[in-house]
Amino acid sequence: MQDLIERAARDVAATRRAVALTGAGISIESGIPPFRGPGGLWEKIDPMEVAHIDAFRRDPQKVWDLLIRGMQSVLAQAQPNLAHRGLAALEDMGHLQAVITQNVDGLHQQAGSRDVIEFHGSFAWQRCMVCERRCRSAELDLAVIPPRCDCGGILRPDCVFFGEMIPPAHLVRSQQLAAGCQVMLVVGTSATVQPAAMLPLIARDAGALVIEINPEPTPLTGSVSDYLIPGPAGQVVAAIRDRVGELKETS
Ligand code: NAD
Ligand code: ZN
């Protein structure tokens, strides 16, 4: 793995136009379970039952009870890990342009990343289903589920449920970044949720190097990505960040 870390550090150090695409795997070391894979939420509940907008419309109380309330309390305790911090450092060092994240946990911003596209929205905010007013999740009173807005409308997280569109501005900017980057770091995503999973293809087709960091191979491995660094995000991203720092000192 050391050879691959060296290779990735050299690839990142050689560009000012790297972009990271991150998924649930980058936050596992922060104690947030992924959706798929061992320990994933989907082993216990059916995604279409709870994370689909139709399910929420049908029975908001059930979705709040089965998914949202638990997620909110896990997210409230979570802290950024070495991988979030490593990407923030690579931005500071002038190599990483932006992070496109599928996560709703806000950990990239907490780690200090400035340019973060929250492709699937965020759990930090709630939105009223009736008047669209937004409020901070931290300020919610969860004594009664589902929580309601002052207007009486039901509140929902300001995220993208299955069956909903990606906010067009996020989609367009992400596609532009993918088409314009020289290196894409694909960290901790199973690359199965569309349209996020298309971004590495856009990058590859535009001539970028696509580097995966994931303990497991994904559908991108061996076809879309140039190489996979098979390890946990925290350890691998931190090692790349350290090595990029050394390369800068000696250049
Ligand atoms: P996923 O759950 O489908 O896949 C997680 C991936 O992480 C897997 O490929 C797994 O091999 C990999 N992984 C496991 N341990 C890792 C580690 N230590 N370091 C790096 N990678 C590791 O995740 P996804 O592709 O992001 O898709 C799931 C959807 O669920 C996303 O749209 C996301 O919005 C949402 N989600 C978000 C959170 C969060 O905000 N933290 C958590 C769960 C799900
Ligand atoms: Zn309202």
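Would you please name the residue that is nearest to residue 238 (Cα to Cα), looking only at residues in the stretch 78-93 that are surrounded by fewer than 19 Cβ atoms within 10 Å (Cβ to Cβ) and in contact with a helix residue (DSSP H, G or I) (Cβ under 9 Å, 6 or more places away or on another chain)?
Checking each candidate, the answer is 93.
Give the residues of the stretch 224-251 that are farther than 22 Å from residue 111 by Cα, of a type in the set (Gly, Ala, Ser) and touching a Lys or Arg at 6+ places or on another chain (Cβ under 9 Å), sorted by residue number.
Selection gives 225 alone.
Could you tell me which of the residues 172, 186 is within 24 Å of the chain's Cα centre (by Cα), of a type in the set (Val, Ile, Thr) and part of a strand (DSSP E or B)?
On the way: 172 fails: part of a strand (DSSP E or B).
Exactly one residue qualifies, and that residue is 186.
Just checking, does the stretch 70-89 include any residue being away from ligand 1 (no atom under 13 Å from the Cβ) and within 16 Å of the chain's Cα centre (by Cα)? Walk me through it before giving the result.
Initially, the stretch 70-89 is screened for residues away from ligand 1 (no atom under 13 Å from the Cβ), giving 73, 85, 88-89.
Still in the running and within 16 Å of the chain's Cα centre (by Cα): 85, 88.
Taking every residue of the stretch 70-89 in turn, at least one turns out to be away from ligand 1 (no atom under 13 Å from the Cβ) and within 16 Å of the chain's Cα centre (by Cα).
Quick one: in the stretch 97-137, which of the residues that are among the aliphatic types (A, V, I, L, M) and within 16 Å of ligand 1 (Cβ to nearest atom) is surrounded by the fewest Cβ atoms within 10 Å (Cβ to Cβ)?
124
Under 8 Å between Cβ atoms, which residue pairs at least 6 apart in sequence (or on different chains) link something in the stretch 116-136 that is at positive phi with a partner that is within 14 Å of ligand 2 (Cβ to nearest atom) and assigned to a strand (DSSP E or B)?
Correct list of pairs: 121/158.
Report whether or not residue 69 is in a helix (DSSP H, G or I), in contact (Cβ under 8 Å) with a residue 12 or more places away in the chain and either in contact with a strand residue (DSSP E or B) (Cβ under 7 Å, 6 or more places away or on another chain) or more than 30 Å from residue 185 (Cα to Cα) (or both).
yes
Looking at (1) within 16 Å of ligand 2 (Cβ to nearest atom); (2) at pLDDT below 95, which is the one condition that is false for residue 68?
So the condition that residue 68 fails would be (1).
Identify, please: which residue in the stretch 150-172 is touching a residue at least 60 places away in the same chain (Cβ under 8 Å) and touching a strand residue (DSSP E or B) at 6+ places or on another chain (Cβ under 7 Å) and is, among those, farthest from residue 72 (Cα to Cα)? So that I can check it myself, show each step before the final result.
Within the stretch 150-172, the subset touching a residue at least 60 places away in the same chain (Cβ under 8 Å) is 154, 156-157, 161-164.
From what is left, the residues that are touching a strand residue (DSSP E or B) at 6+ places or on another chain (Cβ under 7 Å) are 154, 156-157, 161-163.
Numbers: 154: 17, 156: 12, 157: 10, 161: 15, 162: 18, 163: 21 Å.
Among residues in the stretch 150-172 that are touching a residue at least 60 places away in the same chain (Cβ under 8 Å) and touching a strand residue (DSSP E or B) at 6+ places or on another chain (Cβ under 7 Å), the one farthest from residue 72 (Cα to Cα) is 163.
The values are calculated or read from the model by the stated rules, or taken from the named source; none is laboratory data. From a predicted model like this one, the values you see are computed outputs, not experimental measurements. When we count neighbours, we look across all protein chains shown, and the Cβ atoms used for this are built from the backbone with ideal geometry, even at glycine.
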